[in-house]
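The block underneath contains the structure these notes are about, expressed in structure tokens.
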Amino acid sequence: MLTPYILLFALYVQFHGDYGPGGGFQAGVIFASGFVLYTLIYGLETARLVLPLRVASLCGSLGVLIYAGVGIATMILGGEFLDYDYLNSHDAEHGQHLGILLVELGVLTTVFGVMVVIFYS
């Protein structure tokens, strides 16, 4: 019964990370703890039906690809690796916010996937 609120709080920490304490790593750990709680309540077999090990592993890899993809995109657009100013040609501040949001999303995805894979093991 508490799991949906934990997952929702993780999203709050993720999206509020630009304006206060928090961000991708903290949100990823909180998100993973929601699945750990679910596993402790319903059992490992049920949890693996909801979130298979392969999907959790894919999340870990996908997060790294998101992080690296943002850096490569900024290089293609003419900047240095993770130079967010180049993500928006009209307003560098918007590019900064977009870049930070995408990188933190990649961190959340990676941390979540790795923590769940470790717990499943």
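Below is a table of values for the structure above.
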| quantity | calculated |
| --- | --- |
| Leading residue by the ranking (surrounded by the most Cβ atoms within 10 Å (Cβ to Cβ)) among those in segment 75-87 that are over 22 Å from Phe25 (Cα atoms) and out of contact with any Gly (no Cβ under 7 Å at 6 or more places or on another chain) | Gly79 |
| Candidate set from segment 16-26 (those that are of a type outside the set (Asp, Glu) and touching a residue at least 40 places away in the same chain (Cβ under 8 Å)); member that is surrounded by the fewest Cβ atoms within 10 Å (Cβ to Cβ) | Phe25 |
| Long-range neighbours under 6 Å by Cβ, at least six apart or interchain, first residue in contact (Cβ under 8 Å) with a residue 40 or more places away in the chain and of a type in the set (Asp, Glu) within segment 104-121, second part of a helix (DSSP H, G or I) and surrounded by 22 or more Cβ atoms within 10 Å (Cβ to Cβ) | Glu104/Gly24 |
| Selection within segment 1-60 - of a type in the set (Ser, Thr, Tyr) and in a helix (DSSP H, G or I) | Thr3, Tyr5, Tyr12, Ser33, Tyr38, Thr39, Tyr42, Thr46, Ser57 |
| Unique residue being more than 19 Å from Leu105 (Cβ to Cβ) and out of contact with any Ser or Thr (no Cβ under 7 Å at 6 or more places or on another chain) when the list is Gly24, Gly79, Gly71 | Gly79 |
| Qualifying residue in segment 57-80 (condition: over 25 Å from Gly22 (Cβ atoms) and touching a residue at least 40 places away in the same chain (Cβ under 8 Å)) | yes |
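Read the figures in this text as sums done on the coordinates, not as results from a lab. These figures come from a predicted structure and were not determined experimentally. Counting neighbours? That spans all protein chains shown, and the Cβs are built from the backbone with ideal geometry, glycine included.
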